[in-house]
Amino acid sequence: MTGLRWGAFIPQGWKLEYTGTPAAEAWHRSREIALLAEQIGYDHLWVYDHFETVPRREPEVCFEAWTMLAALAEATDRAQLGQLVTCAAYRNAGVLAKQAANVDVISGGRLILGLGAGWYHEEYAAYGFDYPPARERLAILEETVEAVKRLWTEPAVTLAGRHVRLDAALCDPKPLQQLPPVWIGGGGEKVTLRIAAQHADATNWQVGLDEFAHKSEVLKRHCDAVGRDFATITRTHAPDCLLFDSDADLRRWLDSPDGGHLWGEQEPDAYLRDNFVGTDEVVAEKVQAFVDAGCREFVLWFRDYPGVESLERFMADVVPRISAP
């Protein structure tokens, strides 16, 4: 499988998968799943950067991303560790650079830094963050990327940006990786993809196949405009995944209270089209189509969490069917 890499989100409660579960029990299960995913061959493990649950805000377990990553850094040995994606506006850029560098050291150089502009306005309000217009959130994202990279590589950093201000700031220890890879999440075609063309090692768009191909073309145009080799940016995809023995089993699930799209905003056929949900054969065909469109890394949210049947089955029964580029 040279040229393709596989990632798994680790359950943290954000999608209400730990409803009714005591916190200590939930953490024990998350740690178990992370160790299992690493053992069976996943290349990277991921968390969401959110503080409260979706699609409903409920008083249930929802582990915070960076403290969870620090714990997983100590628990695991091989897999890279990332967030899809850290909201740049939630954290002071200097503090974020420090947190990220520490996780890289604790993990032995396995950090991936995911960054995005943020979107969950209810969470902003609940935690007292201002929720500026999209243009301003994107400006915060771009200044944060630049500041973090400088803090990781320069002895002391002074920066007088509109949103990020540093005065001879130190960030030690530096990451063990000279520059941990940066993934930019979001598919905004005018600004986000331009930021990605300038600063990202990888992009992540949670979109269907046709939209993935379209955004790839837009990213290439931005790369051409800034003089970046388009081939140096890895394109990634992060869909839901749930595997079934038969189409009849899938249809029964769709008709059940747990079936369909988590957010309730997509018709079942659209949800099935855009996510890796179905029999092993059907899901393999969907994965192969993304590979053929230029996707090289995948980060999967398994809909049967905290169970692990789909996590194990995807690696054992789907991955071997995929032809690498």
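The values are calculated or read from the model by the stated rules, or taken from the named source; none is laboratory data. Predicted, not measured: the structure shown is a model, and the values here were computed from it. So basically every Cβ, Gly included, is an ideal-geometry build from the backbone, and we count neighbours across all protein chains shown. Heavy atoms of the whole protein, side chains included, go into the accessibility calculation; ligands, DNA and RNA do not. Shrake-Rupley method; radii C 1.70, N 1.55, O 1.52, S 1.80 Å.
With the condition kept exactly as written, say whether any residue in region 26-35 is in a loop (DSSP other than H, G, I, E, B), modelled with pLDDT of 95 or more, out of contact with any Lys or Arg (no Cβ under 7 Å at 6 or more places or on another chain) and not polar (S, T, N, Q).
No, region 26-35 contains no residue that is in a loop (DSSP other than H, G, I, E, B), modelled with pLDDT of 95 or more, out of contact with any Lys or Arg (no Cβ under 7 Å at 6 or more places or on another chain) and not polar (S, T, N, Q).
The criterion of being open to solvent by 30 Å² or more (accessible area, probe 1.4 Å) and more than 21 Å from Asn204 (Cβ to Cβ) does not hold for Gly13.
Note on region 170-206: among residues that are in contact with a strand residue (DSSP E or B) (Cβ under 9 Å, 6 or more places away or on another chain) and β-branched (Val, Ile, Thr), the one that is surrounded by the fewest Cβ atoms within 10 Å (Cβ to Cβ) is Val182.
For region 255-271, the count of residues that are at pLDDT 95 or above and farther than 22 Å from Lys215 by Cβ is zero. The residue that is least open to solvent (accessible area, probe 1.4 Å), among those in region 233-279 that are of a type in the set (D, E, K, R) and assigned to a strand (DSSP E or B), is Asp240.
Restricting Leu159, Leu141 to those that are more than 28 Å from Pro59 (Cβ to Cβ) and touching a Gly at 6+ places or on another chain (Cβ under 7 Å) reduces the list to Leu141. Scan region 140-162 for residues that are open to solvent by 60 Å² or more (accessible area, probe 1.4 Å) and within 21 Å of the chain's Cα centre (by Cα) and the total you get is 1.
Looking only at region 163-218, residues that are within 15 Å of the chain's Cα centre (by Cα) and among the polar types (S, T, N, Q) come to 3 in all. Of all residues being buried (at least 22 other Cβ atoms within 10 Å of the Cβ) and among the hydrophobic types (A, V, I, L, M, F, W, C) in region 299-325, which is nearest to Leu84 (Cα to Cα)? Just the residue, please. The residue in question is Val299. Scan region 101-118 for residues that are hydrophobic (A, V, I, L, M, F, W, C), within 18 Å of Trp46 (Cβ to Cβ) and in contact with a strand residue (DSSP E or B) (Cβ under 8 Å, 6 or more places away or on another chain) and report the count. Residues meeting the conditions: 5. Does Phe290 satisfy being within 19 Å of the chain's Cα centre (by Cα), over 28 Å from Arg29 (Cα atoms) and modelled with pLDDT of 95 or more? Judged against the criteria, Phe290 is a match. Among the residues of region 48-68, is there at least one that is surrounded by fewer than 20 Cβ atoms within 10 Å (Cβ to Cβ), in contact with an Asp or Glu (Cβ under 9 Å, 6 or more places away or on another chain) and over 19 Å from Trp14 (Cβ atoms)? Within region 48-68, not a single residue is surrounded by fewer than 20 Cβ atoms within 10 Å (Cβ to Cβ), in contact with an Asp or Glu (Cβ under 9 Å, 6 or more places away or on another chain) and over 19 Å from Trp14 (Cβ atoms). Residues in region 80-102 that are open to solvent by 10 Å² or more (accessible area, probe 1.4 Å) and more than 12 Å from Ile184 (Cα to Cα): Gln80, Ala89, Tyr90, Arg91, Asn92, Gly94, Val95, Lys98, Gln99, Asn102.
Taking residues in region 179-195 that are touching a residue at least 24 places away in the same chain (Cβ under 8 Å), and partners anywhere that are open to solvent by less than 10 Å² (accessible area, probe 1.4 Å) and charged (D, E, K, R), the pairs with Cβ atoms closer than 6 Å and at least 6 places apart or on different chains are Pro180/Asp104.
Residues in region 127-162 that are over 20 Å from Ile112 (Cα atoms), in contact with a strand residue (DSSP E or B) (Cβ under 9 Å, 6 or more places away or on another chain) and of a type outside the set (Ser, Thr, Tyr): Phe129, Arg137, Ala156, Val157, Leu159, Ala160.
Every listed requirement among (1) under 23 Å from Ala139 (Cα atoms); (2) touching a helix residue (DSSP H, G or I) at 6+ places or on another chain (Cβ under 6 Å) is met by Lys215 save one, (2). Against the test of being open to solvent by 30 Å² or more (accessible area, probe 1.4 Å) and among the aromatic types (Phe, Trp, Tyr), the options Tyr120, Tyr127 yield a single qualifying residue, Tyr127.
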